[in-house]
Structures are given as structure tokens and as C-alpha cells.
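*Asks:* Before I ask anything, here is the structure I am working with.
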Amino acid sequence: MDHLTQALADGLMFTRHKVQFRPADAREHWEELLEEMHPLLKGKLRQLGKPWESLAEERRRALMFGLGSMTADMPMICLTEVPNGREVTFHQYQYGRYGLFIRREWLERQGADRVLYLGERSAVTLLVYRLITLANILGLHLNQTGDPLFENMTSRATLDLLAYVETRGNLEELEWRIAGRHEFMGGDSDVGKRLPLRLEDVEMVLVEDPKEVQILNELLRNLSAQQSTTYCPPVKCSAGDA
């Protein structure tokens, strides 16, 4: 229950979450995607005066890697939606018997959004892959030593997008995320920072043990006095009817 009481008192914390974008798994499917984009890469290199044939093998591999999958640990706050008509019991089995039911208005004020679930070679997955790859190719430039590199600004924007991507296998989570600032390509990270959460933004608090209801109610009364409000969200025990 400690995480629950700290969230009520101090707000929700940004933690690292692994995000991964893989438009294909099978080798032959990867080859199809790269075959589609490789002519565009070669054309951009010719424009830069660095033909593909003139590059060292190590540089070629680095460029092709930039056209593939991406994995990163991103700072975020993850939440799951409980739509009307769906039993809370299902979420208890998935995520535990403690929880905060937060108002959607608060989420939208914090820039939260529904996760985009991408499956292997699905229609949206292929569109996202082409957009990311085209942006990387168009952003190619030569560094001070004349080597072709991808643009950091494009890579940062790609990571910002991938903070809202999840694999199709987790579709039942109905996840929402608040993406924080990451330190890739420079900058500060929001890992460990918290977003304040007022009691008016909480619809209900769920605890596991009936004995904890009284403890939480006392905490909520103290917080309501600190926040100069008369509102206290109801506390329910997940062992009973939630």
C-alpha cells in the first residue's frame, strides 16, 4: 500500500519503461521492407556525394541499422483504462488489488494519450515504419569528417513517438501513457520526477484489505485539509464488490 499512499500524497512518478518498435520478425519480411527503402537511401547518399558503393562496410551496417527496429528505455507514467461495462475484477488479476481511479480530465491536462498497438506487418505498423524510415533518410547529412549520419532531431522525434507504442500482444491492457522527457541526444530526463495529483482528480481508491479502508480515509482527510478542499474520494476494498 506504500506506493498508493505516496502517489496520493506526492503524485505519480515517471519510471523507465522499455519500448520497442519491430515492424517485422521473420527475416524474409525484413528483407522485403529494406528492399523497398534501400533505393531511397542510395538516392540520398548520391545527393550527398557519398555513393553507397564508396562506403565502408561498418558505415553501411550503421545506416541499415537506422532503417530497422528501435528499442529504448523511456520515462513515462503508465495507466490502464477501465471502460464502461468492464469489470474491475479483470484489472485486479492483471495489476493487483490496489489502485487509483483517476479522472480523464486530469490525464488530458497532463498530455496523456492512448497507446498505439502495433503488430507485425499490420497496416498501421507499415505506415509508421515508412514514415520513420523516410524521415531518417531525408535527414541524412555529412559530419565534419564527411561521413553520412542520421539527424539527431529526427531520431529524437522518433523516440518521442515510440513512447506511445506497444506491441499488439498487449492489446487487452487498454493502456494510456504520459511520456516524460528523455536524455537521448542530450537533455534532462524526467525519471524519478512526479506529477502532482489533487484529490479532486481521483474518483476512487481501491485497497486490498478491509482494515486499510480506515487508514486510507484518515490519510485522505488529512490531504483534503492540506489542499483546502472538502472532497475525499471514496475508498473501496477490492475483496468486496468494486
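*Asks:* In sequence order, what are the phi-derived ³J(HN,Hα) couplings for the stretch 26-39 according to the Karplus relation 6.51 cos²θ - 1.76 cosθ + 1.60 with θ = phi - 60°, rounded to whole Hz, with x for glycine and proline?
*Replies:* Each residue's phi maps through the Karplus curve to give 5, 4, 5, 6, 4, 4, 5, 5, 5, 5, 5, 8, 4, x Hz.
*Asks:* Another question, then. Which percent of the accessible heavy-atom area of the stretch 1-152 goes to carbon and sulfur, probe 1.4 angstrom?
*Replies:* On the way: 4470 of 8920 Å².
C and S atoms contribute 50 percent here.
*Asks:* Cα to Cα, under 17 Å, and not fewer than 8 places away if on the same chain: which lysines meet these conditions relative to K211?
*Replies:* K236
*Asks:* Rounded to the nearest 10 Å², what accessible area does V88 show when all protein chains are kept and the probe is 1.4 Å?
*Replies:* So the heavy atoms of V88 present about 30 Å² to solvent.
*Asks:* Which cross-chain or sequence-distant (5 or more) residues have an amide H under 5 Å from the amide H of L116, H modelled 1.01 Å from N in plane?
*Replies:* The list, which skips near neighbours in sequence, is V165, E166.
*Asks:* Then there is this: At 222 nm, what helix-only mean residue ellipticity would the chain give, in deg cm²/dmol to the nearest 500, using -39500 (n - 2.57) for each DSSP H run of four or more? Spell out each step's value before the answer.
*Replies:* Numbers: 8 runs with 96 residues, N = 242.
Calculated from helices alone, the mean residue ellipticity at 222 nm is -12500 deg cm²/dmol.
*Asks:* Accessible area, 1.4 Å probe, largest first: how do E105, E200 sort? Please list the in-between numbers first.
*Replies:* Details: E105 110, E200 70 Å².
These residues rank, largest area first, as E105, E200.
*Asks:* Packing-wise, with mean Cβ within 10 Å as the measure, how do 138-144, 4-10 rank, highest first?
*Replies:* On the way: 138-144: 12.6, 4-10: 16.6.
Averaged packing, sorted descending, gives the order 4-10, 138-144.
*Asks:* Sticking with this structure for a sec: Between T229 and T167, what is 0.36 nm times their sequence separation minus the Cα-Cα distance? Round to one decimal in nm.
*Replies:* Values: separation 62, 0.36 × 62 = 22.32 nm, distance 4.11 nm.
Length gained between T229 and T167: 18.2 nm.
*Asks:* Taking the alpha-carbon distance from K50 and a cut-off under 27 Å, which lysines remain once sequence neighbours fewer than 8 residues away in the same chain are dropped?
*Replies:* Answer for K50, where 27 Å is the Cα cut-off: K42, listed by chain and number.
*Asks:* If one computes the Cα centroid of the stretch 182-208 and of the stretch 109-138, what distance in Å separates the two points?
*Replies:* Comparing the Cα centres of the stretch 182-208 and the stretch 109-138, I get a distance of 24 Å.
*Asks:* Test of understanding: express the Cα radius of gyration of the stretch 21-133 as a ratio to 2.2 N^0.38 Å, with N the residue count. Working shown, then result.
*Replies:* Details: Rg = 20.8 Å, N = 113, 2.2 N^0.38 = 13.3 Å.
Taking the Cα Rg and dividing by 2.2 N^0.38 Å, one obtains 1.57.
*Asks:* Of the candidates E58, E212, E35, which one comes out as most mobile in a Gaussian network treatment of the chain with C-alpha springs shorter than 10 Å?
*Replies:* Residue with maximal mean-square fluctuation among E58, E212, E35: E58.
*Asks:* To the nearest 0.05, how large is the calculated FRET efficiency for L48 and M204 if R₀ is 51 Å and r is the Cβ-Cβ distance? Could you put the intermediate results ahead of the total?
*Replies:* On the way: r = 58 Å, r/R0 = 1.13.
Efficiency at R0 = 51 Å is approximately 0.30.
*Asks:* Among 116-123, 165-172, how do they line up by average Cβ neighbours within 10 Å per residue, starting with the highest? Intermediate values should be presented prior to the final figure.
*Replies:* On the way: 116-123: 15.5, 165-172: 13.6.
Ranked by mean Cβ neighbours within 10 Å, highest first: 116-123, 165-172.
*Asks:* Where both residues lie in the stretch 63-201, what percent of DSSP beta bridges are antiparallel, nearest 5?
*Replies:* Numbers: 9 of 12 bridges.
Just about 75 percent of them are antiparallel.
*Asks:* Quick one: of the DSSP bridges fully inside the chain, what percent are antiparallel, nearest 5?
*Replies:* Of those bridges, close to 80 percent are antiparallel.
*Asks:* Amide H of G11 versus every other amide H placed in the peptide plane: which residues, excluding those fewer than 5 positions away on the same chain, fall under 5 Å?
*Replies:* L197
*Asks:* In what sequence, largest accessible area first, do M13, M76, M204 appear using a 1.4 Å probe? It would help to have the intermediate numbers written out before the result.
*Replies:* Details: M13 80, M76 0, M204 25 Å².
Ranked list, largest accessible area first: M13, M204, M76.
*Asks:* Answer with one residue from V205, L126, P234: the one whose Cα lies farthest towards the positive end of the charge dipole of the chain, charges on Cβ with Lys, Arg +1 and Asp, Glu -1.
*Replies:* Looking along the dipole axis, the top candidate is L126.
*Asks:* Once Kirkwood radius over Cα pairs in Å is worked out from the coordinates, which option in (1) 20.3; (2) 19.3; (3) 20.9 does it equal?
*Replies:* (3)
*Asks:* Then there is this: Do you know the relative contact order of the stretch 98-242, to the nearest whole percent, from alpha carbon pairs under 8 angstrom that are 6+ apart?
*Replies:* On the way: 160 pairs, mean separation 42.5, N = 145.
Relative contact order here is 29 percent.
*Asks:* Most fluctuating residue of A72, A62, A179 in a GNM of the chain with Cα springs under 10 Å: which is it?
*Replies:* Taking springs between Cα atoms under 10 Å, the residue moving most is A62.
The values are calculated or read from the model by the stated rules, or taken from the named source; none is laboratory data. As the structure is a prediction and not an experimental result, all values here were calculated from the model. Cβ coordinates were reconstructed from backbone atoms using ideal geometry, including for glycine residues, and neighbour counts include every protein chain displayed. These area figures cover heavy atoms from the full protein model, side chains too; ligands, DNA and RNA do not enter into them. Shrake-Rupley method; radii C 1.70, N 1.55, O 1.52, S 1.80 Å.
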